[in-house]
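Here's the structure, in structure tokens; my notes come after.
The values are calculated or read from the model by the stated rules, or taken from the named source; none is laboratory data. As the structure is a prediction and not an experimental result, all values here were calculated from the model. In this analysis, Cβ positions are derived from the backbone assuming ideal geometry, glycine residues included, and neighbour counts consider all displayed protein chains.
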Amino acid sequence: MAETATAEGHQQHPLSIYLWIWLLLFVLSAFSYMVDYLQLQGMLRWSLILLFMFLKAGFIVAIFMHMAWERLALIYAILLPPLCLLVFIGLMAWEGDYTLLTRIASFTEHVFIPAAGHH
């Protein structure tokens, strides 16, 4: 891919890259709508919806926000914090069941432990 530098030192990317990514985003959106049109259910539905969503977001960030041409340090500075948040949210969701079960056991303890003097 040819990149040209302007007098100020900015890179200029060929317009064809943006047109191809726009076409790819259109195709991914069509696939996303097909998931609803075909009335897919369950984990397949949500896996495909999330896959298409992350692919579209990745292409938008990489090409239209020019992240593909940035330094690695800047990419890490922008993308690493949201990735850490997603990991922490996943850990909280995973721990949520344990916390819920602990609360149920704690708040309903009187149901499981007979009162003194009653046999």
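Descriptive notes on the structure:
Table: residues versus (1) surrounded by 10 or more Cβ atoms within 10 Å (Cβ to Cβ); (2) in contact (Cβ under 8 Å) with a residue 12 or more places away in the chain; (3) among the small types (Gly, Ala, Ser); (4) not in a helix (DSSP H, G or I).
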position	(1), (2), (3), (4)
Phe59	yes, yes, no, no
Leu74	yes, no, no, no
Trp94	no, no, no, no
Asp97	no, no, no, no
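- The set of residues from region 31-41 being part of a helix (DSSP H, G or I) and more than 15 Å from Ala57 (Cα to Cα) comprises Tyr33, Met34, Val35, Asp36, Tyr37.
- Test for Leu80: is it surrounded by 10 or more Cβ atoms within 10 Å (Cβ to Cβ), at pLDDT below 80 and under 21 Å from the mean Cα position of the chain (by Cα): no
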